[in-house]
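**Student:** Next up is a structure, given as structure tokens.
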Amino acid sequence: VDGTLMRLLVLFLGSCLGFSADVYQTSDCCGGGSEGLSKPADVSALCAKPPLNYTVLAEGLLSPRALACAPGGGVAVALSGTGLGNGTKNTSMVGPTASDAAAKIFTYSGIAYQGPTGLVVHMDLGGNVQVLAEGLPSSAVFRYTDEAWVNAFGPQGLAYMDIAGERHLLTTIAFPSSCKMFDTYYPFGVLYDVTAGVVIANLSQYECAIDDGESGGTDGGSDDLSNPWYMIADWPEAGNLTISDSGANVLLHVDVMSGQVTTAAIFPSKTTASDGKIFPSGTPREIQVVPTGIARIPGSKALSIGSLGGFPYQAHSSAVWYLTPGEAPLERLFGFNAITDIAYDDAGNLYVASYFAGTVTKVSADGSRAVITDDSFASVSGIAVCPDGIFVSDQGEFADKGRITRFEI
């Protein structure tokens, strides 16, 4: 079972299964270099947090995910929505009924209901929001215990790129499940052109066509799962869009003019010894990589790719991978916790967003690390380094708590 699916199960059932909190709530400030790292006894002794200087631009957003630097300033924000929910959390909220049966998707964490609540918006430095696209597919689980829509999937990745001489904003519409389930009530697993209002490519259909999960796939991927995550434009050549599929554990290339999809890179599973939190200590476990955020390395043709890491999500088991065109991906920076996104600044510093740790870690060019976020951050989902600041999306697990913050560079 792929890590992205099991992530849903862990988030909802972790406390019931007795998972220790320190598997997830640990810092990524573990020292520098690219050698394997173990959890330090005293994280604060290795690096001190620098003075924080950030502004909260907006709160109460509907499950924010990726961010993209907008051409005229500010950022575009992908909001995965609330499934069938109305985006509020109160006693008058109406849950799903029998009439919503057509919109059901059965997941490992419960029943996810689909609805047209996904959005893509632009946010300026004052937190003012302009809706760029609405009514996009969304899927979320309704939790009756507190009448909340949680763990939404919908608009997820974002990238600006030139198409036929015009600047377009693109998004992935995601849901982590078998590619055979994407022909449902709403279209998931696609690359959508927000500017033109059209679907460019069906990514889940591609995954189904080449990997049926029974006879093995021609792309060498692990199974027939698909969950298109984040993306980067014009790599390795102009006109190509590169997308991480965290369900299939691959990178995909999309020719945005033709809609043709090809496999760019495959991330093989790796074997590691269990830390004893779930399975007996020392037991060999195969863990899938689950690629997520993508960033171009400054001054290089290579990419960095973050990895969420698969079940059982051991502390410090996520890594940053490097990919040079024509070569296999290499695992380079170790010791992170469930990476969701990465970004570089012009000086070559790498910023790593970690979902379970609730942190953004700055990795300097010399390899030293420092957490730049404070304890108010949780479920960090996206980061963008722009000319007017470093933007971070967090608190995205619950549909009514999403937040966008801006750090000064």
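The values are calculated or read from the model by the stated rules, or taken from the named source; none is laboratory data. The shown structure was predicted, so the numbers you read here are calculated from the model rather than taken from an experiment. Reconstructed Cβ throughout: ideal geometry from the backbone, glycine too, with neighbour counts over all protein chains shown. Heads up: the accessible areas ignore ligands, DNA and RNA and are worked out on the full protein's heavy atoms, side chains in. Shrake-Rupley method; radii C 1.70, N 1.55, O 1.52, S 1.80 Å.
**Student:** Might you tell me the accessible area per residue for segment 311-409, computed with a 1.4 Å probe and given in Å²?
**Tutor:** Heavy-atom accessible area per residue stands at 30 Å².
**Student:** Sort 245-256, 143-154 for me by packing, meaning the mean count of neighbouring Cβ atoms within 10 Å per residue, highest on top. Intermediate results must be reported in sequence, preceding the final value.
**Tutor:** Numbers: 245-256: 25.7, 143-154: 20.8.
Ranked by mean Cβ neighbours within 10 Å, highest first: 245-256, 143-154.
**Student:** Using Cα centres only, tell me the gap between segment 233-247 and segment 132-175 in whole Å.
**Tutor:** Cα centres, segment 233-247 to segment 132-175: 18 Å.
**Student:** Using a 10 Å cut-off on Cβ atoms, rank the peptides 345-356, 257-268 from the highest mean neighbour count down. Spell out each step's value before the answer.
**Tutor:** Working: 345-356: 20.8, 257-268: 16.7.
Top of the packing list down: 345-356, 257-268.
**Student:** Given segment 297-409 reduced to its alpha-carbon atoms as identical point scatterers, what log10 I(q)/I(0) does the Debye formula return at q = 0.18, 0.24 Å⁻¹?
**Tutor:** -0.91, -1.44
**Student:** When only Cα pairs under 8 Å and 6 or more residues apart are kept, what is the percent relative contact order across segment 107-177?
**Tutor:** Taking the mean separation of contacting Cα pairs over the length of segment 107-177, I get 24 percent.
**Student:** Could you give the nm distance between label points at residue 332 and residue 376, where each point is 7 Å from its Cα heading toward the beta carbon?
**Tutor:** 3.4
**Student:** What full-extension length gain, to one decimal in nm, is calculated for residue 209 and residue 145 as 0.36 nm per residue of separation minus the Cα-Cα distance? Before the final figure, lay out each step's value.
**Tutor:** Numbers: separation 64, 0.36 × 64 = 23.04 nm, distance 3.97 nm.
Extra length available between residue 209 and residue 145 comes to 19.1 nm.
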